[in-house]
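Since every read-out is calculated from the coordinates, none of them should be taken as a lab result. Fair warning: this is a prediction, and the values are worked out from it, not measured in the lab. Every residue, glycine among them, receives a Cβ derived from its backbone with ideal geometry; neighbour counts consider all protein chains shown.
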Amino acid sequence: MSRKIKPHKLFEMYEEAHGRRIFTKSIVPNYTPFDERIVREDGEEYREFDPTRSKLAAAIMKGSLNIGMRKDDVILYLGVSHGYTSSFVSDIIGKDGLIFGIDPAPRVIRDLVFLSQHRQNIVPILADANHPETYADKICTPNIIYQDIAQKNQAEIFLTNCKLFLQKGSYGLLAVKARSIDIKRSSKQIFEEVRKKVEKELTVIDYRILDPLEKDHCMIIVKK
């Protein structure tokens, strides 16, 4: 019998139905805190990564072939929220990887603490990404910075953290929320402005507008 789930072009990702659905292999089988589709094959559990719930999944479905994430990576996740996307990143980097999840909302961090009790490669940190000096001594050097923050100065937050923490050759992923920057101007114009701002300091290796999966969002992937 042929397998439904096959390796994706991206490291530690899987696909079904010729790429119309993407999955990660769960490092915590039989634990599903989110409403998600599970496929089991050959003793493994695969979790469907919904591109309408995650900017990272949307970027992959829109064709990004280098998200920078590998097994055993250390990731600084800015705007981690309740942990949906970070739970899939947790699968990608594996049990020996590490995610430092930053968020300023106590309720959100409380939920992430519950998640981290099962996914022990996630470290919740209650902090404001505008002030990286407040968590600099709580993390180790990341290979990747991933940011998903709905603030007007989201580009500046990303660049400040990249400058402080990223080493040469490391990656950054910035999910741009156009409506959080300006509700009157076109999203495409805002995306281009943010991209030009980022390109002054970092090398852009991928750029994807995420509509219609994630409306008024784009993903900018950079390498230092």
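Here is a yes/no grid of residues against (1) out of contact with any Leu (no Cβ under 6 Å at 6 or more places or on another chain); (2) farther than 14 Å from residue 56 by Cα:
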{"residue": "152", "(1), (2)": "yes, yes"}
{"residue": "158", "(1), (2)": "no, yes"}
{"residue": "162", "(1), (2)": "yes, yes"}
{"residue": "175", "(1), (2)": "yes, no"}
{"residue": "185", "(1), (2)": "yes, yes"}
{"residue": "197", "(1), (2)": "yes, yes"}
{"residue": "200", "(1), (2)": "yes, yes"}
{"residue": "206", "(1), (2)": "yes, no"}
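Got a sec? Which of 157, 183 is aliphatic (A, V, I, L, M) and free of Cβ contacts under 8 Å to residues at least 12 places away in the same chain? Before the answer, list the steps.
Numbers: 157 fails: free of Cβ contacts under 8 Å to residues at least 12 places away in the same chain.
None of the other options fit; the residue is 183.
Looking at the range 142-191 only, could you name the residues that are charged (D, E, K, R) and under 14 Å from residue 102 (Cβ atoms)? Lay out the reasoning, then the answer.
Of the range 142-191, the ones charged (D, E, K, R) are 148, 152, 156, 163, 168, 177, 179, 182, 184-185, 188.
If the condition is that a residue be charged (D, E, K, R) and under 14 Å from residue 102 (Cβ atoms), then 148 is the only one that fits.
Quick one: which of 81, 90 is hydroxyl-bearing (Ser, Thr, Tyr) and either without any contact (Cβ under 8 Å) to a residue 40 or more places away in the chain or surrounded by fewer than 23 Cβ atoms within 10 Å (Cβ to Cβ) (or both)? It would help to see each step written out before you state the result.
Working: 90 fails: either without any contact (Cβ under 8 Å) to a residue 40 or more places away in the chain or surrounded by fewer than 23 Cβ atoms within 10 Å (Cβ to Cβ) (or both).
Answer to the check: 81.
One residue is enough: does the range 53-73 have a residue meeting the conditions part of a strand (DSSP E or B), of a type outside the set (Gly, Ala, Ser) and surrounded by 21 or more Cβ atoms within 10 Å (Cβ to Cβ)? No.
For the range 197-224, the candidate set comprises residues that are out of contact with any helix residue (DSSP H, G or I) (no Cβ under 7 Å at 6 or more places or on another chain) and in contact (Cβ under 8 Å) with a residue 60 or more places away in the chain; within that set, the residue that is surrounded by the fewest Cβ atoms within 10 Å (Cβ to Cβ) is 205. Applying the criterion of being β-branched (Val, Ile, Thr) and part of a strand (DSSP E or B) to the residues of the range 9-52, the residue that is nearest to residue 112 (Cα to Cα) is 24.
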